[in-house]
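Asks: Structure incoming, see below.
The values are calculated or read from the model by the stated rules, or taken from the named source; none is laboratory data. Predicted model, so just to flag it, every value in this text is computed and none were measured. Don't worry about glycine lacking a Cβ; one is built from the backbone with ideal geometry, like all the others, and counts go over all protein chains shown. We work out accessible area using only protein heavy atoms, side chains counted, and drop any ligands, DNA or RNA first. Shrake-Rupley method; radii C 1.70, N 1.55, O 1.52, S 1.80 Å.
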Amino acid sequence: MSTKIACQHCDYLMSFPVLNPGQCALCSRCGHKISRLKVNAINNLMSYSLTGVILLILSLLFPFMSFTLSGNMMEITLWQAATELYSGPYKLLALGVFAFIVLFPAVILGFILLFLVSLNLFGHTFYNSTLLRLIFTLLPWSMAEVFFVAVLVSLIKLVTIAQIGIGLSFGAYLLFCLCYVKVLTLVDKHQFWYWMDLAKKS
Ligand SMILES: [Zn+2]
């Protein structure tokens, strides 16, 4: 059974072709790339997701940054980015910050790992389909890389008024963001459902 999909560029409705690993599906009207079945994507996804989870845990364990102003030094951790807001009048914002920069990225990476392991062990199941839907529902709500860019922009301002020190967590979170962005480039709805179809047939 062929699946109908709409081109994200020109909205042309077309049947999704049967692809082999390494092949690319293009819109038959505008030539926009719809999907590409990447070779070795499962191993790459597994490695980058696992590394991302480890780096995210490490980034929560150490100081993120330190600020020295008029001889007073203050260290801040990634937790405190949210908890400092929570202790003030911005409770909802604090929960949002924690969810967008830590919780959702962690849950997405965890679900991807769980999906890949579960697919390998149990094949096409209702739970794997649910996991897939959860992953793609949560993806737009994860903003780790946006947060990191915002931190870098803030640093340009802060460096003129205080002495800034970079903590171990800063490096860990930077590496986590790089891994996470790599995972995002590997996450493709068509590829995931292709793996599900393969598991169904085997
Ligand atoms: Zn198109």
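Asks: Hey, can you grab everything whose amide H is under 5 Å from the amide H of S35? Only 5+ residues off in sequence or another chain; H modelled, so Pro and N-termini drop out.
Replies: A25
Asks: Can you spot the lysines whose alpha carbon is less than 25 Å from K182's alpha carbon? Ignore those fewer than 8 places along the same chain.
Replies: Filter leaves K33, K38.
Asks: List the trypsin sites (Lys or Arg not before Pro) within the stretch 1-91 that fall in a DSSP loop (any state other than H, G, I, E or B) and whose Cβ has at most 13 other Cβ atoms within 10 Å.
Replies: R29
Asks: Just to confirm a number: summing +1 for Lys and Arg and -1 for Asp and Glu over residues other than F111 whose beta-carbon lies under 15 angstrom from that of F111, what do you get?
Replies: +2
Asks: Taking the Cβ of M65 as the centre, find all other residues whose Cβ is under 13 Å away and add up their charges (Lys, Arg: +1; Asp, Glu: -1).
Replies: Charge balance in the 13 Å sphere: -2.
Asks: May I have the extent of the alpha carbons of the chain along their three principal axes, as whole Å values ordered from largest to smallest?
Replies: 69, 39, 31
Asks: Below 17 Å, Cα to Cα, which aspartates and glutamates can K4 reach? Residues fewer than 8 away in the same chain don't count.
Replies: Here the aspartates and glutamates satisfying the reach criterion relative to K4 are D188, D197.
Asks: Quick check: with the 1.4 Å probe, what order do I135, I42, I5, I57 take by accessible area, largest first?
Replies: I57, I42, I5, I135
Asks: As a check on your grasp of the helix formula, calculate [θ] at 222 nm for the chain: sum -39500 (n - 2.57) over DSSP H runs of n ≥ 4, divide by the residue count, round to the nearest 500.
Replies: -18500 deg cm²/dmol
Asks: Treat the stretch 106-146 as a sphere of radius equal to its Kirkwood radius over Cα pairs and apply Stokes-Einstein at 4 °C in a medium of 1.567 mPa s; give the translational diffusion coefficient in µm²/s, rounded to a whole number.
Replies: Here the translational diffusion coefficient equals 122 µm²/s.
Asks: Tell me the carbon and sulfur percent of the accessible area for the stretch 1-53, rounded to whole percent, probe radius 1.4 Å.
Replies: 54
Asks: What does the charge count around A41 come to, taking other residues whose C-beta lies under 12 Å from its C-beta (Lys +1, Arg +1, Asp -1, Glu -1)?
Replies: +2
Asks: Give the ranking of M14, M74, M143 by solvent-accessible surface, highest area first, calculated with a 1.4 Å probe.
Replies: In descending accessible area the options line up as M74, M143, M14.
Asks: Out of every Cα-Cα pair in the stretch 95-177, what percent are more than 22 Å apart?
Replies: 42
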